[in-house]
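Let me begin by presenting the structure, written as structure tokens, before commenting on it.
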Amino acid sequence: MQLLYLLADRVGLFFFYFFTLLMLQAGAFLAYTLQNRFRDGKALPILISFASALLLHFLLLIAIVLAPAFGVQTVTLLPPLERLVGFASLALFIWAFASLTLHPTTRHTLLLLTLALALFIYLADALTWPSLSASQEYNTSVRALVWGLSSAFLGFGGALGALLGLGEPLSVGFFLALSLGHLLQALNPQGLQGMPLWVRWAELVAYPLLLLPLLRDLSSLPQPEESPQAAEALSFVKFYEAAYKGTFSIDLPVVMENVAVGIAKALNMPISFVLLMDEENPDLAHVAVFSDGGVKKFKLNLPQNPFLEEALRLSEPALIHDYASLRAWEQILGLKLQTLALSPIVSRGATLGLTGACSPEYYPLPEWQLKLLRTIAGEMRLAMERARIYHSLERKIEDLSWEIRNKEKLITRYESLLKEAKEQRAEESQEIFDRVAFLEERTKELEAALEKARQEAEELKAQAMAESAKAKALQEQLKSLVEKGKPSDEFLNSIPIGLIVADATGKVSWCNETAEELLGWPLKEFSGQPLSSLSDSPQWLAAVEKILAGESRAIALLEIGKKTLRAELAHSGSNVFLTLSDVTAEVEAARNKDRLMASLASDIRNPLTIIIGYTDLLLSESVGLVGEMQRRFLLKIKAAVEKLHKFVNDLLNLAALESGSFSLKFTLVEVEELLGETMALVRAQMEAAGVKLEAKVQEGLPPIEVDFDSIRYTLSTLLSNAIACSPPGSTVRVEITAEPPEGKPDFRKVAVTDAGGGIASEDLSAVFTRFAFPNQSLIRGLGEKGVGLSLVKTLVELHGGRIWAESTMGVGTTFFVLLPFRQENSVSEGKGWEKEDTK
């Protein structure tokens, strides 16, 4: 079937029309020769039929070429017209070859009636087909069936008439071939845009069958006295007989051999040759020489024969007379020459080779023989083009066959993989749903534990505030007593908190009994010692330094043995008072809470990571196609799980910060790279929320010195907060610019703006407080309701930067982050963060 459709493309159409017109022209020429040379009355109808069929096919070709110029579509014009030409040509050949037993009047009448019927059918078809051509294929229509069956019936009648009349097998074969082509086209329509491919192939087979009887008759009849015209015709016939088989071969060496033989026979010359350029090597030529009844072939190196360049530049046939050229050709051919005629083989302006005729004696070739040599060169060109087309089609067929086999293997493989993927996907989906259910349970447990821990934290905070208020009241009472006069030791020892008095330089001068019990040291052991000697904790040393530097109040935690003491320093005149209270139970409870939260968060984070990975795998469609509704569900699952994953990471980071194990590793980071990775982290949340994201980075910003993970977390938290509080269809904007320096180093300013409707001014101060829930019942002003913004504030401050928020009610909120361009300390070792008082 692929071979059948070779006549449907442009190359196949060119070959079909060229071959058909050539066969009809040859038939007309042969019939004309028979009629003029032998005055054979039977040749006249044959000449008329071939000439009429040639004219019909030529008019068909002209109509195809000119139709687009007049705005007529080929698909509406060609199918009916081609059926008419085929039917009328078949009727003409039946009239000429298959109805000889009938009376001439009957023959002519039947021909006219048949042609009139064909014309009537064509007019009915041509007038109604254009309105139906857009919605129907011509080959499958009833009208094509009528044409096909009528032509098949007509061809079968022609075969029967030829068998009964002439008894000529080739003529019978001609009509049977055409009848079979029309019948196949009617019963098994093949072709595009109304092309009758079965009929075209049948014509390619049938027309040569009709020429062979004419060639036989021309050679078998007695020869009259030869004239120049007759010699020319006879030479053409000889060439046609000799080269017909070779020129239609697809094997170029065979074509060269047969053409060389045909030249010698057609021109009646003892020596002839064909020279063809090698397609791959321009310095090589192939030569076939006919002489002494045989053909020899060899290859020729063109650079070693420079005189051939002049011969290859010929545009018309020419006789070579000069002595030097003849001697050069003698060396190539190995024969003595006195006469040499050359004709170039030209295709698309390029010379492909030469055809030549030679004689060892002087022989004046007439003009018609040179023209015949040019015709032979043209036939050689056509043979080469046909061979190229065939080899090209053969390669295409091989490539297509190979590709089809591979496609079939791939289809089988993909079907197997798809089946496995569906099964695996079903198992993974069930596993994901099971894990989501498990995480929901664990999340409820975590929320309950978190709520309990929050309540305990509030209670501890209230207790700490009460203790602090009590200590402050006692400090105020003590300060009042000191101003009035030195209080008694009995009164100071009765105070329920530890009290240590130091002079303005920070040296201990006195302490009460409660302080001795809390510290576990008698007064005499540390009397006169500096306050800084009580502990080597950096937090305590910093508090002492602050109070001695003139600050009114400082607070720190002291680790004394297994006790945790809350130490508060205050000035009173020339003395420094230190109050101590035991907060061991409160601190241990807070630590237990942190350990519990970190443990729960760590247990949940691993399955969350697995779910995110499997969700990304499903969304990538690497294990199977995902429907639109399934994709929406998966995006919602991913957004929810990533939100939970972020919350768990926040809890773990919070635990690391409070344990003092968190450290910063500063490196030089490109701002665009940092922002690009951050946007990738929030893309799923952004798509699920239906929010657009616009990013703008000032050009020419050099790398900034930051901890990459910490600042990426900062930006992702701010963007996630902005997306969460912005309505669908709105736009979140992030902008990074260089802030004019307020000193050294200069700063980079990050601004993240949402469309959440703004945050009330009384709530702005609490947005960076852990677990703050601003009361916004009508406006979604803040998306973050956990520890994220609190961690962000801590991380920014660890970088030596600053973060704040500005809001416009009814519009939105902008979070600003100001980061130093360079860190003051070395970045090679990382920057640790010490635990602070979170109470």
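When Pro306 is tested against the conditions (1) touching a residue at least 60 places away in the same chain (Cβ under 8 Å); (2) exposed (fewer than 14 other Cβ atoms within 10 Å of the Cβ), the lone failure is (1).
Summed over the range 693-734, residues that are more than 33 Å from the chain's Cα centre (by Cα) and among the aliphatic types (A, V, I, L, M) total 7. Checked against the criterion of being in the same structural domain as Glu82 (by TED's automatic domain parsing) and either part of a helix (DSSP H, G or I) or basic (Lys, Arg) (or both), the range 187-194 has at least one qualifying residue.
The combined condition, being in a helix (DSSP H, G or I) and more than 16 Å from Leu154 (Cβ to Cβ), is fulfilled by Ala124. May I ask you to verify whether Leu170 is touching a Phe, Trp or Tyr at 6+ places or on another chain (Cβ under 9 Å) and modelled with pLDDT under 85? Spelling it out, it is not the case that Leu170 is touching a Phe, Trp or Tyr at 6+ places or on another chain (Cβ under 9 Å) and modelled with pLDDT under 85. Take the conditions farther than 19 Å from Arg83 by Cβ, surrounded by 20 or more Cβ atoms within 10 Å (Cβ to Cβ) and under 59 Å from the mean Cα position of the chain (by Cα) and apply them to Leu176. Does it pass? Spelling it out, Leu176 is indeed farther than 19 Å from Arg83 by Cβ, surrounded by 20 or more Cβ atoms within 10 Å (Cβ to Cβ) and under 59 Å from the mean Cα position of the chain (by Cα). Tell me whether the range 336-357 contains one or more residues that are crowded, with 18+ Cβ neighbours inside 10 Å, assigned by TED's automatic domain parsing to the domain that holds Asp283 and out of contact with any helix residue (DSSP H, G or I) (no Cβ under 8 Å at 6 or more places or on another chain). Yes, the range 336-357 has at least one match.
If you go through the range 131-166 and keep only what is among the aromatic types (Phe, Trp, Tyr), in contact (Cβ under 8 Å) with a residue 40 or more places away in the chain and under 17 Å from Leu183 (Cβ atoms), you end up with just Trp147. The one condition from (1) of a type in the set (A, V, I, L, M, F, W, C); (2) under 25 Å from Asp283 (Cα atoms); (3) modelled with pLDDT of 80 or more that Ala387 does not meet is (3). Looking only at residues of the range 757-801 that are at pLDDT 80 or above and over 28 Å from Phe747 (Cα atoms), we find that the one that is surrounded by the most Cβ atoms within 10 Å (Cβ to Cβ) is Gly757. Taken residue by residue, the range 321-332 has at least one member that is under 23 Å from Leu372 (Cβ atoms), out of contact with any Gly (no Cβ under 9 Å at 6 or more places or on another chain) and in a loop (DSSP other than H, G, I, E, B). Checking each residue in the range 339-363 for being outside any strand (DSSP E or B) and over 13 Å from Ile320 (Cβ atoms) picks out Arg348, Gly349, Pro360, Glu361.
Residue by residue, here is whether (1) touching a helix residue (DSSP H, G or I) at 6+ places or on another chain (Cβ under 6 Å); (2) farther than 12 Å from Val501 by Cα; (3) surrounded by fewer than 17 Cβ atoms within 10 Å (Cβ to Cβ) holds:
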position	(1), (2), (3)
Trp521	no, yes, yes
Gln529	no, no, yes
Leu548	no, yes, no
Ala556	yes, yes, no
Ala567	no, yes, no
Thr579	yes, no, no
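The values are calculated or read from the model by the stated rules, or taken from the named source; none is laboratory data. Nothing here was measured: the structure is a model prediction, and the numbers come from that model. Don't worry about glycine lacking a Cβ; one is built from the backbone with ideal geometry, like all the others, and counts go over all protein chains shown.
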